[in-house]
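Structure, as structure tokens:
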Amino acid sequence: MPRNNKSPLIQKIAKRAFIAYKGLTSAPNGNGNEVVTDSQGELVSFVSAVRAADLKIAPRKSKPDSGPAGSQNPPVTYMHICETEVFSMGVFLLRSGASIPLHDHPGMNGMLKVLYGKVNVSCFDKLEGNLSGTPPPFEPPLSADETPSLWRSVLRSVTEYSESSGPCLLAPARDNLHQIDAVDGPAAFLDILAPPYNPDDGRDCHYYRVLRTVVDDKGGQEEQAGEDKGETWLLEIPQPEDFWCGAEPYPGPVVSV
């Protein structure tokens, strides 16, 4: 994607995102419209070209925590770039070994583009007919209070992304839940969500844990649900205590939409 001095690349991305996502409706149950127009193709092309230098972000170096003080630093920080009713855009920065736990994007579309480092993205989707039958036994067992927070799901993919990779896409009904893990050091990625999170409109962020099932096949073995990318079970949980997201200023070009 050619660069010129007339308009920063991140400004072009913002304008393309507004065009691509304007007019979309979202549904809290995940049945929002998916972007399938030529506008999305143009947006993907621009997003694929963005690099950390375009946002004046210097790649972080891996360094060990300095005792108790280091453990108090947030594992993830966020640089806010812009937000409208149509979309939000910012940068997530992950420390070495950090993860953004499995979470959802109700009725939302999105793109994730690595700026430096590498991340592993595990994508899940909830299945229809959530509790149509009797759930299998879990290890450890669930309490009666936890059963209403149980979801049938499928592991769609586990993919590693780097600076040279294209963007990871999510849609209301496809790859809508994901976990993001930093690989071999710090990482950062540009994040676009459309429309933005808004609890008042049914777009709140929910966290999940992959459950282990007990396999009763003579040996009584356990296996991690989802290992074969098949059906698995998720439990909706509060935000994990070891995860929180700090904020830091965005150093790049000013964006207006």
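Odds and ends about this structure:
- Residue pairs exceeding 23 angstrom between C-alpha atoms, taken from 12/113; 56/113; 6/118: 6/118.
- Here the extension length gained between residue 183 and residue 198 equals 2.4 nm, from 0.36 nm per residue of separation less the Cα-Cα distance.
- Inter-label distance, nm, simple model (7 Å from Cα along the C-beta direction), residue 84/residue 235: 4.3 nm
- Where the stretch 127-215 is the region considered: accessible area per residue in Å², 1.4 Å probe: 48 Å²
- Take the Cβ atoms of residue 38 and residue 120, set R0 to 30 Å, and the FRET efficiency comes out at 0.45.
- Cα-projected label distance for residue 165 with residue 22, points at 7 Å along beta-carbon direction, nm: 3.2 nm
- Applying 0.36 nm per residue to the separation of residue 245 and residue 128 and subtracting their alpha-carbon distance, the gain on full extension is 39.0 nm.
- Within the accessible area of the stretch 117-170 (1.4 Å probe), percent carbon and sulfur: 51 percent
- In the stretch 84-190, GluC sites (Glu not before Pro) in a DSSP loop with at most 14 other beta-carbon atoms within 10 Å: 85, 128, 146
- Taking amide H atoms as placed 1.01 Å from N in the peptide plane, the amide H of residue 203 lies under 5 Å from those of 198, each 5 or more residues away in sequence or on another chain.
- Added length on full extension, which subtracts the Cα-Cα distance from 0.36 nm per residue, residue 62 to residue 45: 3.1 nm
The values are calculated or read from the model by the stated rules, or taken from the named source; none is laboratory data. All values derive from a computational prediction rather than experimental measurement. Every residue, glycine as well, gets a Cβ built from its backbone with ideal geometry; the counts of neighbours run over all protein chains shown. Remember, those area values only see protein heavy atoms, side chains included, never the ligands or the DNA or RNA. Shrake-Rupley method; radii C 1.70, N 1.55, O 1.52, S 1.80 Å.
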